[in-house]
Amino acid sequence: MRSGHTVAVFGAYGHTGRFVVAELRDRGFVPVLSGRDADKLRALAASHPGLDARPASVDDPASLDRALGDAAAVINCAGPFAATAAPVIEAALRARVPYVDVAAEIEANLDTFTHFADRARAAGTAVIPAMAFFGGLGDLLVTAAMGDWTAADEAHVAYGLSGWHPTAGTRDAGAVSGQRRGGRRVRYRHGRLEYHQDDLPTLKWSFPAPMGAREVIGEFTMADVVTVPSHLAIPEVRTYMTVEAARDLAAPDTPAPTPVDERGRSAQTFLVEAVARSGGAERRAVVSGRDIYAVSAPLAVEAVHRVLTRRTRTVGVASAGAIFDAPDFLRALPAHMSFELRR
């Protein structure tokens, strides 16, 4: 696909932002490099001759307007999204262009749904939060598993990560979320978010081959508890994480990801299984691939492509599963992940 569309990338020099810039270029888009650090932008622009670098700050609306100038869409890769999402969404609404972000922060995503739903709908603009590995992918999987069901009793998303070397951005976002929760944990039960201080259980999850049965941390809650209930009638949404990955994330000395291939991906692998249950029936959807940060780029860029080519189901603030045909979306990325429905 050769689009020629210009897409602003806020936080272009960050770990995920670099993957997004590369994916945009591979797919024929013209990225505009933007972010708060002018020196990092210049260094990134030097490695991408011909691309425009436009420094911008969330505290300076005029600079954001310049960054979005002639853009057809904007992808926000700059966390913590508690600080960046609202200002960049505001700029997208002023420019009347679609907004996509890769936020994994539960409260930041909830803020987007709460504060921008009416305005984005009235403007006829798509605002898609959490269009990444956490939040967007799980929502697409649950939606695909549901199929023709209009409601379910519960949904479960199990993350089988071989390990997790968090970026500095992941750690910063986690710190901000922890402060917002006052150190409490969060889960989605009885149709609402609950904040609690219960210990998290260790359980067994039987992943499909080749992963098999693994120990997971129960109620290791991710952004799926915002995206899935935003459009699906499911009162219980639970997420799980393999213990190895949870321990890596918790350890303060776990290093950042190290690239091991020509695309800059790490050696990390993932297998994600979503299960929807209604009465005695059960439906499943599975994806597998490599590097949770790298795979967020094709997810976000495919979302922009579909919005710009009008392959959407709604406008306003919407999760991936609400605005896109979930099975079709997941099947569109065979170079980045394998997808299978199990019913």
**Asked** Across the range 257-286, what is the number of residues that are surrounded by 14 or more Cβ atoms within 10 Å (Cβ to Cβ) and more than 30 Å from residue 194 (Cα to Cα)?
**Response** 8
**Request:** Return yes or no: is residue 10 over 18 Å from residue 295 (Cβ atoms), under 22 Å from the mean Cα position of the chain (by Cα) and modelled with pLDDT of 95 or more?
**Result:** yes
**Prompt:** Which residue out of 38, 8, 62 is within 22 Å of residue 315 (Cβ to Cβ) and of a type in the set (A, V, I, L, M)?
**Reply:** 8
**Request:** Please verify whether the range 282-297 includes one or more residues that are in contact with a helix residue (DSSP H, G or I) (Cβ under 7 Å, 6 or more places away or on another chain), part of a loop (DSSP other than H, G, I, E, B), under 29 Å from residue 166 (Cα atoms) and aliphatic (A, V, I, L, M).
**Result:** no
**Asked** Looking only at residues in the range 14-30 that are of a type outside the set (A, V, I, L, M), outside any loop (DSSP other than H, G, I, E, B) and within 19 Å of the chain's Cα centre (by Cα), which one is farthest from residue 83 (Cα to Cα)?
**Response** 23
**Request:** Identify the single condition in (1) at pLDDT 95 or above; (2) open to solvent by 30 Å² or more (accessible area, probe 1.4 Å) that residue 49 does not satisfy, given that it satisfies every other one.
**Result:** (1)
**Fill in**
Being out of contact with any Cys (no Cβ under 8 Å at 6 or more places or on another chain), open to solvent by less than 30 Å² (accessible area, probe 1.4 Å), among the small types (Gly, Ala, Ser) and not in a loop (DSSP other than H, G, I, E, B) narrows 175, 122, 144 down to just 144
**Prompt:** Any chance the range 325-334 includes a residue that's surrounded by fewer than 20 Cβ atoms within 10 Å (Cβ to Cβ), at pLDDT 95 or above, within 20 Å of residue 26 (Cα to Cα) and of a type in the set (A, V, I, L, M, F, W, C)?
**Reply:** yes
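The values are calculated or read from the model by the stated rules, or taken from the named source; none is laboratory data. Values in this document were obtained by computation on a predicted structure and should not be read as measured data. Heads up, the Cβs are rebuilt from the backbone with ideal geometry, glycines too, and the neighbour counts pull from every protein chain shown. Ligands, DNA and RNA are excluded from the accessible area calculation, which covers all protein heavy atoms including side chains. Shrake-Rupley method; radii C 1.70, N 1.55, O 1.52, S 1.80 Å.
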